[in-house]
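Take a look at the structure below.
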């Protein structure tokens, strides 16, 4: 090992990086308390590897307070939890679809009711404001003005003509 490599490893250790060591041709091991015997051991900055799924599951189990369980049991518990969550999601989607269908149906019914009610109101307003005066509508100016203003709003909302020949609802 060259001096520049030794310095690099020592500086990495000082920065808090993990160091690995080996002697002869053995596998690399983590040096928790390196002796820095460059004559007997070879040192290097630990390679950063992605944790395996087993390591991740063990970490999750530790965080959840589940210790000393075989990996298979942790995997099965995780699989069961995923299945439970999938079922909950499916139920939620089903309930959402049912609620949406119900809302659409109710909205359609309300819309039809509103349309019918608005047409009846328009008929009433047209009756009150009918221009030939044969029913005495012009005698009550206050009612006439209010009915005429409402009739104009309803005509615009319903997209119909005022005093048109429509089928009367009242």
Qualifying residue in the range 27-45 (condition: in a helix (DSSP H, G or I) and out of contact with any helix residue (DSSP H, G or I) (no Cβ under 7 Å at 6 or more places or on another chain)) = no
Between residues in the range 136-149 that are under 14 Å from residue 124 (Cα atoms) and residues that are modelled with pLDDT of 70 or more and loosely packed, with under 14 Cβ neighbours inside 10 Å, which pairs lie under 7 Å by C-beta distance while being six or more apart or on different chains?
-> none
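The values are calculated or read from the model by the stated rules, or taken from the named source; none is laboratory data. These figures come from a predicted structure and were not determined experimentally. Heads up, the Cβs are rebuilt from the backbone with ideal geometry, glycines too, and the neighbour counts pull from every protein chain shown.
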